[in-house]
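A.B. asks: Have a look at this one before I ask anything.
The values are calculated or read from the model by the stated rules, or taken from the named source; none is laboratory data. As the structure is a prediction and not an experimental result, all values here were calculated from the model. Cβ placement follows ideal geometry from the backbone for every residue including glycine, while neighbour counts extend to all protein chains displayed. The area values use the complete protein model at the heavy-atom level, side chains included, leaving out ligands, DNA and RNA. Shrake-Rupley method; radii C 1.70, N 1.55, O 1.52, S 1.80 Å.
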Amino acid sequence: MLTQTLRKLERDGIVERHVYPVVPPKVEYSLTPLGKTLTQLLKAICQWAETHLDEIENARVRYDRELTTKG
């Protein structure tokens, strides 16, 4: 699944892949200039998640509790 996601990001021009001719194989991924334009947005999403972490965890507990009581 990770490989598929990375390939899609490479196709979209978000990441670039560099393969080293060594054994065992070594592959590195890095952000392209286009990919780097996403960093501020991703930082904002991370900040939102940190701000709402308690609410998210409480929602997960409620969801899991309801799931186990239903069946």
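A.B. asks: I'd like the Karplus ³J(HN,Hα) series for the range 36-52: coefficients 6.51, -1.76, 1.60, θ = phi - 60°, whole numbers in Hz, and an x wherever there's a Gly or Pro.
C.D. replies: These are the phi-based 3J(HN,Hα) values: 5, 5, 8, 4, 5, 5, 5, 4, 5, 5, 4, 4, 4, 4, 5, 5, 9 Hz.
A.B. asks: Also: Leaving out ligands, DNA and RNA, and with a 1.4 Å probe, what % of the accessible surface on the chain is carbon or sulfur?
C.D. replies: Details: 3900 of 6570 Å².
Result for the chain: 59 percent of the exposed heavy-atom area is carbon or sulfur.
A.B. asks: Might you tell me the accessible area per residue for the chain, computed with a 1.4 Å probe and given in Å²? Show your work: numbers first, answer last.
C.D. replies: Details: 6570 Å² over 71 residues.
Per-residue value: 93 Å².
A.B. asks: Here is a follow-up. Place +1 on the Cβ of every Lys and Arg and -1 on the Cβ of every Asp and Glu in the chain, take the dipole about the Cα centre, and give the residue among A44, P24, N58 whose Cα lies farthest towards its positive end.
C.D. replies: Farthest towards the positive end: P24.
A.B. asks: Could you work out [θ]222 nm for the chain from helices alone, using -39500 (n - 2.57) per DSSP H run of at least four and dividing by all its residues? Round to the nearest 500 deg cm²/dmol.
C.D. replies: Working: 4 runs with 45 residues, N = 71.
Theoretical 222 nm ellipticity from helices: -19500 deg cm²/dmol.
A.B. asks: Just need the relative contact order of the chain here, percent rounded to a whole number, with Cα pairs under 8 Å and 6+ apart. Don't jump to the answer; show the numbers that get you there.
C.D. replies: Values: 35 pairs, mean separation 13.3, N = 71.
It comes to 19 percent, rounded to a whole number.
A.B. asks: Another one. What shape does the range 17-61 have by the C-alpha gyration tensor, where a ≥ b ≥ c are the square roots of the eigenvalues, rounded means a/c under 1.5, and otherwise prolate means a/b greater than b/c and oblate the rest? Working shown, then result.
C.D. replies: Values: a/c = 6.60, a/b = 2.00, b/c = 3.29.
Taking the square roots of the gyration eigenvalues as a ≥ b ≥ c, the range 17-61 is oblate.
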